1. For the list (1) surrounded by 11 or more Cβ atoms within 10 Å (Cβ to Cβ); (2) at pLDDT 90 or above, I need the number of the one condition that Gly52 fails.
2. Of the residues that make up segment 19-39, is at least one open to solvent by less than 40 Å² (accessible area, probe 1.4 Å) and outside any strand (DSSP E or B)?
3. For segment 55-71, how many residues are open to solvent by less than 40 Å² (accessible area, probe 1.4 Å) and assigned to a strand (DSSP E or B)?
4. Quick check, is Leu58 more than 11 Å from the chain's Cα centre (by Cα) and modelled with pLDDT under 90?
Amino acid sequence: PWWDGPKPDGKIHGKLNQVDCLGAQARVVVESDDHKTVKLLVADAAKVAILGAGGQTLGCGRQTPRPVSIEYFPKPNVRLGTAGEVATIEFQ
């Protein structure tokens, strides 16, 4: 395999609804396929692989709901209200 680094344990499929910009970090808000809202932290955007974007970018604020699959490391952050740190975002 081409990647031998840490592998994310968490995965969520759903719709990306919002991106909250927090200085150098961001928080993505996703509604999962089973209609649960999950908030995930993008601690360092340079370390997040974005696939299938087709030239789309992540702007701050409400998003036109777009189907996504996100892999993440479960690391809850109580202060930011997030369930983990994003590793990959794949637009469907």
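1. All conditions pass for Gly52, except number (2).
2. So far as segment 19-39 goes, no, none of its residues is open to solvent by less than 40 Å² (accessible area, probe 1.4 Å) and outside any strand (DSSP E or B).
3. The qualifying residues number 6.
4. No; evaluated as a whole, the condition is false for this residue.
The values are calculated or read from the model by the stated rules, or taken from the named source; none is laboratory data. Model, not experiment: these values are computed from the prediction. Cβ sites come from the backbone with ideal geometry, for glycine too, and all protein chains shown count toward neighbours. To get the accessible areas, we keep the full protein, side chains included, count just its heavy atoms, and leave off ligands, DNA and RNA. Shrake-Rupley method; radii C 1.70, N 1.55, O 1.52, S 1.80 Å.
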